[in-house]
Amino acid sequence: AQSVTQLDSQVPVFEEAPVELRCNYSSSVSVYLFWYVQYPNQGLQLLLKYLSGSTLVKGINGFEAEFNKSQTSFHLRKPSVHISDTAEYFCAVNWDTGRRALTFGSGTRLQVQP
Amino acid sequence: DTAVSQTPKYLVTQMGNDKSIKCEQNLGHDTMYWYKQDSKKFLKIMFSYNNKELIINETVPNRFSPKSPDKAHLNLHINSLELGDSAVYFCASSQWRTIGETQYFGPGTRLLVL
């Protein structure tokens, strides 16, 4: 079965430190990869996505992610976090099977401390 | 000028009641979705409609019945509510043309069944 794994349920980090949120997925066909952010009591907002081309994708709010086909990973990074980045981050995958629904990872809670 | 809107935002009701959640998008998209986020923040697809036609129907109890009166609206009716239905329900929309199209999410409807 196709799956998305976010190994870290919580990542505490100090303000201005770098952060990496990990995402791995199962792969038997081509994939389309997304990172969404959910602020408390809000909906999901797209941070970035990978469809094809350059494996390094830049998104909003200074985030970027790297697609690694051999490792079946799509880790999210930010070189310097702010308090306002405290939120839940979801990795999501659409496998190229014609099915349009996203399959989400279990989420990573990024807690930025002063 | 909200892109995807949902009503109500909060819903508190008794077990056994019937309730509806409404979703509207003004993005001109032709595909709409319902996702459920449980108490552990896990997000899972429930239904998807393309041009008013049901295309995804996950293993959801028959008590849940989606309806799409037109491409811009997708409603969710729930009969005989149970405690386990307590969750946040998100509506989303996208264009059908390619699998990698971004899904835009509404703010969510927080349902609490007592």
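The table that follows gives values for the structure above.
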| read-out | value |
| --- | --- |
| Residue that is among the charged types (D, E, K, R), without any contact (Cβ under 8 Å) to a residue 24 or more places away in the chain and surrounded by 13 or more Cβ atoms within 10 Å (Cβ to Cβ), where the choices are B:LYS36, B:LYS41 | B:LYS41 |
| For A:SER84: the one exception among (1) facing chain B (nearest Cβ under 10 Å); (2) of a type in the set (Gly, Ala, Ser); (3) within 20 Å of B:PRO107 (Cα to Cα) | (1) |
| Qualifying residue in the stretch B:49-59 (condition: away from chain A (no Cβ under 12 Å), more than 18 Å from A:ALA101 (Cα to Cα) and in contact with a strand residue (DSSP E or B) (Cβ under 9 Å, 6 or more places away or on another chain)) | no |
| Per-region count, the stretch A:78-105, residues aliphatic (A, V, I, L, M) and open to solvent by 40 Å² or more (accessible area, probe 1.4 Å) | 1 |
| Extreme residue, nearest to A:THR103 (Cα to Cα), among residues of the stretch A:1-25 that are part of a strand (DSSP E or B) and of a type in the set (A, V, I, L, M) | A:VAL4 |
| Subset of the stretch B:77-114 (residues that are polar (S, T, N, Q) and touching a residue at least 12 places away in the same chain (Cβ under 8 Å)) | B:ASN79, B:SER80, B:SER86, B:SER93, B:SER94, B:GLN95, B:GLN103, B:THR109 |
| For B:SER80: the one exception among (1) open to solvent by 40 Å² or more (accessible area, probe 1.4 Å); (2) away from chain A (no Cβ under 14 Å); (3) among the polar types (S, T, N, Q); (4) within 15 Å of the chain's Cα centre (by Cα) | (4) |
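The values are calculated or read from the model by the stated rules, or taken from the named source; none is laboratory data. Just so you know, these numbers come straight off a predicted model, no measurement behind them. So basically every Cβ, Gly included, is an ideal-geometry build from the backbone, and we count neighbours across all protein chains shown. Keep in mind that these areas ignore ligands, DNA and RNA; they rest on the heavy atoms of the full protein, side chains included. Shrake-Rupley method; radii C 1.70, N 1.55, O 1.52, S 1.80 Å.
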